[in-house]
Structures are given as C-alpha cells and as structure tokens.
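Data block below; observations after.
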Amino acid sequence: MPQTYSARLREFLEDTTVYRLGKDLGAVCVKANLPASYVAVVLDVSRITIHSWFRGGTIRPRKREKVETFIKLVEEDMEKGLLPAKSLRDAKAYLGDMIGRPITLKKSD
C-alpha cells in the first residue's frame, strides 16, 4: 500500500533556494495527494526513480518533457478543483484516467 510523504521530504520540497524539475514534480504530487508509486506508473519509471527526482536527482532529457507535461496537467486539475485526491482510490482512478488504463503496481512497489 502506498505511503504518505514524510515530513522530511515535505520540508525539502518547500525549500525554494534550489530549483530542480524533480522538486517541482514532488511538490505537485504532495499538493495533489498523488502517491509516488502511482506517478511512477504514469511516467513509466520505478518508484525509486521518482523519489530520486523528488530529492533533486537528474531527469534524463527524454523524460523531461513528459514530467513537465504531467506537472502542467496536475496543476490545471488542481485549479479546476479535481485535485487533491481525497483517497488512494481517487488518486489511482485519476491517474488511470490520465493514461487511459488502470494503474497496476508491481509486487516490488
């Protein structure tokens, strides 16, 4: 079962002295209440990669556009009042609708 984001990660994401696309991704996921494991499915990477990005890890050029688009869509849906997700079920349904198929997690996630 996906866990909520730690207070330590939330503090790190709120620090605006350093810009990183991954930090923006993390901040939007926290605000929208979207679990990293589900976001990993949408972005076609591992959950560990998502957490690395949240902490400032490098996003390869071929993934940058997808991440930027994801952030933009989630921010637009927050403005429309569709997010933050009220439950894990809502987050899973929202992200499943985004990619046009149900979110299924691997046993390792």
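Cross-link candidates for Lys23: which aspartates and glutamates have Cα within less than 14 Å, leaving aside residues fewer than 8 places away along the same chain?
Glu11, Glu14, Asp15, Glu68
Taking the Cα centre as origin and putting +1 on Lys and Arg beta-carbons and -1 on Asp and Glu beta-carbons, what dipole magnitude results for the chain, to the nearest 20 debye?
So the dipole magnitude of the chain works out to roughly 480 debye.
Compactness ratio of the chain: Cα Rg over 2.2 N^0.38 Å, N = residue count?
Normalised Rg, Cα atoms only: 0.99.
Could you put Tyr5, Tyr19, Tyr94, Tyr38 in order, starting from the residue whose Cβ has the fewest other Cβ atoms within 10 Å?
Going from least to most buried by this count: Tyr19, Tyr5, Tyr94, Tyr38.
Which one of Ile59, Ile99, Ile71 has the biggest mean-square fluctuation once the chain is modelled by GNM with Cα springs under 10 Å?
Looking only at Ile59, Ile99, Ile71, the biggest GNM fluctuation is shown by Ile99.
Suppose the chain between Ala7 and Asp44 were pulled fully straight at 0.36 nm per residue; how much longer would it get relative to their current alpha carbon spacing?
Here the answer is 10.7 nm.
Give, as a single signed number, the net charge of other residues whose beta carbon lies under 13 Å from the beta carbon of Asn33, with Lys and Arg counted +1 and Asp and Glu -1.
+3
From the C-alpha gyration tensor of the range 49-109, pull out the three semi-axes of the equivalent ellipsoid (sqrt of 5λ each), sorted largest to smallest, in whole Å.
The answer is 21, 17, 12 Å, longest axis first.
Output wanted: per-residue J couplings in Hz (rounded whole) for the range 28-38, from phi through Karplus 6.51 cos²θ - 1.76 cosθ + 1.60, θ = phi - 60°, x for Gly and Pro.
Values, residue by residue: 5, 5, 5, 4, 8, 6, 10, x, 4, 5, 6 Hz.
What list of ³J(HN,Hα) values in whole Hz, one per residue of the range 84-90 in order, does the Karplus curve 6.51 cos²θ - 1.76 cosθ + 1.60 (θ = phi - 60°) give from phi, with Gly and Pro shown as x?
x, 5, 7, 7, 4, 4, 5
How large is ³J(HN,Hα), in whole Hz, for each residue of the range 69-83 in order, when computed from phi with the Karplus curve 6.51 cos²θ - 1.76 cosθ + 1.60 and θ = phi - 60°, using x for Gly and Pro?
5, 4, 4, 4, 5, 5, 4, 4, 6, 5, 5, 6, x, 7, 10
Can you give me the distance in nm between label points at Ile99 and Met78, each placed 7 Å from the Cα along the Cα-to-Cβ direction?
Taking the simple label geometry, Ile99 and Met78 are separated by 2.1 nm.
Most mobile of Lys66, Lys23, Lys92 per a Gaussian network model of the chain (Cα springs, under 10 Å)?
Comparing Lys66, Lys23, Lys92 in the GNM, the peak value goes to Lys66.
With each run of n ≥ 4 DSSP H residues scored as -39500 (n - 2.57), what mean residue ellipticity at 222 nm is computed for the chain after dividing by its residue count and rounding to the nearest 500 deg cm²/dmol?
-18500 deg cm²/dmol
Rule-based calculations on the coordinates, nothing more; no lab input. Not measured: the values here are computed from a predicted model. All Cβ positions, glycine included, derive from the backbone under ideal geometry; neighbour counts span all protein chains shown.
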